[in-house]
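All remarks here apply to the structure that follows.
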């Protein structure tokens, strides 16, 4: 098995460094452009960070559905423009009583009230369906839709991929990231490039709703990462009393983090870390001891 020691982190190179990732463990939306189109017409929503490690969006009820449309709120990673793209997001909590479409945006341009263009992949937990939509000026047809059979309230992961004019949408139950519960594919050539993001909107069949959804573990890149049996540590930082390590991983595999003071005797300090879909996993080690001593860490496949 392949491992990387902490000193190697300083010189390690990986193409995943060009990806955008956010697990929201910093408790903020740095890097995101928040889009609350109804705020300008007196119906501001809110963005918050439950537990300091997830991203919640609550859209206000529209003051006039006929004029301004239904409740909707979202955020874009406007710092990067993608043509081909591969992106994922976890939907970890939502108000089960609301009829709402929760999802991802791709190839977006001109975000704003009545102006946004691009594509969306959405999941409606209440209706148990998913949709692929071509958006022009914040409106557009659903090209395809598919039934999604899940127990109410099930946390899910959305995977949205576009290569040229071909698109693939997948939904995973978060308890099993190896096999999608639903998949749909389609083609369209309306939009060729733009930013990516996430959003939640009231369903048009019940536009009087507000919206409420909590996201986690965003990932975006120009292409799907290649599966790898190697473990590369691609990022680390000290965050308060925690050591945060990000490493390449495979969904369905389990990993452990080991610690040594002198590269001879090793002790496992974190075990049964589940490999995440999206090619990387983040683990946080609290109060690595002894704090004042030079230490080495490695990640091992269990």
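The values are calculated or read from the model by the stated rules, or taken from the named source; none is laboratory data. These numbers were taken from a predicted model, which means no experiment stands behind them. So basically every Cβ, Gly included, is an ideal-geometry build from the backbone, and we count neighbours across all protein chains shown.
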All positions within region 120-137 that are surrounded by fewer than 18 Cβ atoms within 10 Å (Cβ to Cβ) and not in a strand (DSSP E or B): 126, 127, 128, 137
Residue check for residue 108: more than 26 Å from residue 154 (Cβ to Cβ) and buried (at least 20 other Cβ atoms within 10 Å of the Cβ): yes
Out of 217, 209, sole residue that is modelled with pLDDT under 95, outside the structural domain of residue 250 (by TED's automatic domain parsing), part of a loop (DSSP other than H, G, I, E, B) and touching a strand residue (DSSP E or B) at 6+ places or on another chain (Cβ under 6 Å): 209
Those residues of region 145-169 which are surrounded by fewer than 19 Cβ atoms within 10 Å (Cβ to Cβ) and in a loop (DSSP other than H, G, I, E, B), in sequence order: 149, 150, 151, 152, 153, 154, 155, 164, 165
Of the criteria (1) over 16 Å from the mean Cα position of the chain (by Cα); (2) under 17 Å from residue 225 (Cα atoms); (3) at pLDDT 95 or above, which one residue 160 fails: (1)
